[in-house]
Amino acid sequence: MLKRMFPVLLAAMLLTTANHVFAQDGYNEPPQISLSQQERQLIESNNDFAFRLFREVRGNVSRVVSPLSITYALGMLNNGAAGLTQQEINQTLGFGEAGADAINQFCRKMLTESPLLDEQTRVMISNAIFINEPYHLLPAFQEKAETYYDATCQSRNFADGETMDVINQWGSDHTMDMIPRILTEQSFRPNAVSYLLDAVYFKGTWTLKFDKNETKDESFNGGELVPMMHMRNQLYYAENNDCQMLALPYGSEAYRMTILLPREGKTVGDVVAGLDGRQWSYYQWMPLEDVDVKLPRFETMNRIELVEPMSAIGMPSAFDPYRADIPYYCDQPQYISNMFQVAKIRLDEEGTEAAAITVVETETTSINPQEPKHYQFHADRPFLYIISEQSTGAIFFIGQYAGEGQTAPEPDGVSAPEAVRRPDSDAYDLGGRKLSREPGRGLYINEGRKVVGK
């Protein structure tokens, strides 16, 4: 069983020092993860996987999921796969013909470099494999798990009465106690072949904190009262016909949370329906605007079953005992008998803390430039949020907040933009010059608003 805990990160934006929101004399641009053109394409494709997955699992309640956690879990296991099963995993995660080696290199780079980007933001990515004593990991597989994922591999007797507690303690230790239990007596299987875990922990402090004295109970979505934080400042902001977009950076701005607030008459589903990896890369650039922000203080925790969603988006054979082709994992052919993720996010005036675990169980066989505007971004209705690393745009977490009364039940075992439409009317560039033809990608001005063209 592959099990994984993942912290929640919100989307980081790729911005230059020239249009930096909090630019000051002597300001140093945040450290960046250097990527080749091929690696950037792989991240774009992996982000596309994030949106496809979220469309499958989001439902109508507050929910958070870590697609990057799933990438790590399946990336490790994929080194033991072959044939159609490996092809499906590669395609589903967005790595296509690049294959297992590309997944390994991508995961290695993010594992080693993302924790070093910001001294004010803590990021930990950890991996482990627990294998039942009758079985043995194949040496070539174990070498890759240790080399690329820093995985600790333990052989244990799952029937010893202690293994479940050992696995739970590992998860708690690597999520700073945010998720103290991932297995219960009901969910732990002494006859499973293995538990493969990837844990990610994130704790970031807002670059600009919210004033706690400004937090007031206000109605959310026309109903319940929620603690609504408030701020007005120069912030990264853009909008289109479907939603308003706001990026809130952490620390030295190596990481950010991007919030997409549907316009009146639109839903989170409308917004996420058109999102993919390429469009997300366009949204990494937002100008600074004077924005009045209201954002709920909230906490969300959920368990998401992943067998059906992952099958639906492209990798059904790995879950089929008769079709799975995972011959290079251990000394018996394997299939994924179960897969789920437990995730948690806590957001308040100071910042964000999050964690998640994915579990896979294996068994043998627009604005006028001359007239600056003041924007309101009042997140008093359901919204989408994304946590990503700013220099790559890599999505660590994606979630939606639907209100405290719309939170998924506490999981067992745990205590506790669509492409922008091009304008029909006159459009202008940011210098106020009328465009002579239909605008392409980038920012332009239409009917007094800054919008993003695709």
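We did not get these values from a lab; they are worked out from the coordinates using the rules stated. Bear in mind the structure is a predicted one, so any value in this text is a computation, not a measurement. As a convention, Cβ positions derive from the backbone with ideal geometry for all residues, glycine included, and neighbour counts pool all protein chains shown.
Multiply the residue gap between T364 and T205 by 0.36 nm, knock off their C-alpha separation, and tell me the result in nm, one decimal place. Intermediate results must be reported in sequence, preceding the final value.
On the way: separation 159, 0.36 × 159 = 57.24 nm, distance 4.45 nm.
That pair, T364 and T205, stretches by 52.8 nm at full extension.
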* Structure fact -> Extension length gain for R232 and E305 (0.36 nm per residue less Cα distance), in nm, is 22.4 nm
* To do: Would you compute the Debye intensity of the stretch 241-311 from its alpha-carbon atoms alone, equal scatterers and no solvent, and pass along log10 I(q)/I(0) at q = 0.20, 0.24 Å⁻¹ to two decimals?
  => -1.19, -1.35
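For the ranges 348-361, 47-60, 164-177, what's the packing order if you count other beta-carbon atoms within 10 Å of each residue, average per peptide, and put the highest first?
Working: 348-361: 25.5, 47-60: 20.5, 164-177: 18.9.
Ranking the peptides 348-361, 47-60, 164-177 by packing returns 348-361, 47-60, 164-177.
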* Could you sort out which of K266/K373; K144/K344; K203/K344; K212/K373 sit more than 20 Å apart by Cα distance in this structure? => K266/K373; K144/K344; K212/K373
* **Measure of compaction for the stretch 251-396 (Cα Rg per 2.2 N^0.38 Å)** => 1.40
* To do: Quick one: grab the alpha carbon gyration tensor of the stretch 155-245, order the square roots of its eigenvalues as a ≥ b ≥ c, and give me rounded if a/c is under 1.5, else prolate or oblate depending on whether a/b is larger than b/c.
  => prolate
* To do: In nm, give the distance between the simple-model label positions of Q91 and R297, each being 7 Å from the Cα along the Cα-to-Cβ direction.
  => 4.8
* Where labels lie 7 Å past Cα in the beta-carbon direction, separation of A140 and N191 in nm -> 3.1
